[in-house]
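Have a look at the structure below, then the notes.
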Amino acid sequence: MIIKNIDKQEAMENIAIGRRSMTRFLAAVSFAALLAAGPAQAQTKIQIGCTATSDCASAMVAIDEGIFKKHGLDAEMVLIGINSNIPAAILSNSIHIGGPTSTVFLQAADGGLDLVALAGASVMSPTTNGNVSAFVRNGIVINEPKDFIGKKVGAPGLGAFLHVLFVKWLVEKGVDPKKVNFVEVTFPTMMDIVKSGSVDAVLTAEPFVTRMTNAGLGSVGARYAVELARTEPIIFYAASREWAEKNPDTIKKFRAAIAEAAPIVNNDREKASASIQKFTKQPIELVKATPPNRSEPILKAEQLAWWIDIMASQKMLQSKLDLNKLILK
């Protein structure tokens, strides 16, 4: 039997061809895997700015429950000290989306800032209006609305929701709001400000009311939101018109995520409380003791009409706002 010896060079070439084929095969497999995983991994980064309240709970939950990521967004919550600073933060690109109160948004639009509302965040409701109050420090006695005359009252943003609502309540009670000295006080500093006696009262909400009560700093002087009994929007998500028009796909994904997270806020106290506590840094037992303001992702132009009427009566608006242009279609 004759055995034919394989030429050494030919053998080496066959090995090289085999290696190249394997390399091409592995590369094809890797590329196919990347194509398959691409849409899930393509995350658009956005920053969402809100104050330390439960009103942006739908965004908080959407982050913690992975809802934003499921919709292709890599979202981050940014803490803003005073609500009236949110429009400036949006226009300076410090954040992409903010949670201004209805009043702050409308006043910014009236001032010429080109902002648009994207989706609803929270609304007033009979079950949660009791969360809002004027908390009065020890040594100050408030028996009736007129007792606020001459007092220094801290608000988390002049022109913000709690401030405008309180002024509306004073007017309805026959008290001239110009006789009350309003100053800005952030939510996180309220306890220290009240304790120091720098203000006589603060316009605040839960869980800050319970925190200050438990600390023995004072008591509730008025639950003015309960008496007004309104159901209009408190806070909604907004962006600059320029950014929104350049990022329609991101807006679509954001709205879808907020709509998915809202029912969790309204129906799952455990998950909602955990997300609120994580962002606001409030004690979890206090957060759990207070239901968050109702989350309502749908925002309609007519819902802002009441706010415009109230702000116009308080001479906070100088122009006639076109509601249909303020909400992004």
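The values are calculated or read from the model by the stated rules, or taken from the named source; none is laboratory data. All values reported here derive from a predicted model rather than from experimental measurement. Glycine gets a Cβ as well: all are built from the backbone with ideal geometry, and neighbour counts include every protein chain shown.
Computed values, structure above
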read-out	value
Residue within region 66-75 that is among the β-branched types (Val, Ile, Thr) and surrounded by fewer than 24 Cβ atoms within 10 Å (Cβ to Cβ) present	yes
Single match in 102, 133, 94 (criterion: hydroxyl-bearing (Ser, Thr, Tyr), crowded, with 24+ Cβ neighbours inside 10 Å and farther than 15 Å from residue 301 by Cα)	133
Helices (runs of 4 or more DSSP H) completely within region 184-259 that count 2 or more residues being out of contact with any Cys (no Cβ under 7 Å at 6 or more places or on another chain) and hydroxyl-bearing (Ser, Thr, Tyr)	208-214
Scan of region 159-197 for residues that are surrounded by fewer than 17 Cβ atoms within 10 Å (Cβ to Cβ) and within 14 Å of residue 316 (Cα to Cα), ordered by number	178
Members of region 157-183 that are of a type in the set (A, V, I, L, M), assigned to a helix (DSSP H, G or I) and in contact with a Ser or Thr (Cβ under 8 Å, 6 or more places away or on another chain)	162, 164, 171
Wholly enclosed helices (runs of 4 or more DSSP H) of region 52-120 bearing at least 1 residues out of contact with any Asp or Glu (no Cβ under 7 Å at 6 or more places or on another chain), farther than 21 Å from residue 310 by Cα and not assigned by TED's automatic domain parsing to the domain that holds residue 205	57-64, 67-70, 86-91
Hey, residue 29 assigned to a helix (DSSP H, G or I) and either among the small types (Gly, Ala, Ser) or at pLDDT 75 or above (or both) or not	no
Odd one out for residue 200, checked against (1) farther than 25 Å from residue 275 by Cα; (2) surrounded by fewer than 22 Cβ atoms within 10 Å (Cβ to Cβ)	(2)
Single residue of region 306-324 satisfying the filter (part of a helix (DSSP H, G or I) and surrounded by 13 or more Cβ atoms within 10 Å (Cβ to Cβ)) that is farthest from the chain's Cα centre (by Cα)	312
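Let's see how each residue does on (1) among the polar types (S, T, N, Q); (2) in contact with a helix residue (DSSP H, G or I) (Cβ under 7 Å, 6 or more places away or on another chain); (3) assigned by TED's automatic domain parsing to the domain that holds residue 84:
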site	(1), (2), (3)
134	no, yes, no
143	yes, no, no
147	no, no, no
158	no, yes, no
170	no, yes, no
176	no, no, no
188	no, no, no
192	no, no, no
